[in-house]
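See structure below.
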Amino acid sequence: MRGTRGGRLPPYPRVCPCRHCGLVVLHDNDGNWIHASLSYTCRDRWGGVAGTTAEPAAPGPADA
Ligand SMILES: [Zn+2]
């Protein structure tokens, strides 16, 4: 379908990939980022704790 876009995009979409593990993250009731798996800590593909917490991927190219 064409012509259905045009809405203003917020700085962050409601959900976006975690910058650490790539899992989808979203806001919990307290405004903290949490993974869609309901875990605050990142986990690798094998289920190991990665030592980082849910954080949205930074928008724009200034992610260094
Ligand atoms: Zn993560």
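FYI, it's all coordinate maths here, none of it is from the lab. Model, not experiment: these values are computed from the prediction. We place every Cβ from the backbone using ideal geometry, glycine too, and count neighbours over all the protein chains shown.
Quick check on packing: order 34-46, 15-27 by the mean number of other C-beta atoms within 10 Å, highest mean leading.
The packing order, highest mean first, is 15-27, 34-46.
What is the spin-label model distance, in nm, from ASN32 to ASP44 if the labels are put 7 Å beyond Cα along the C-beta direction?
2.5
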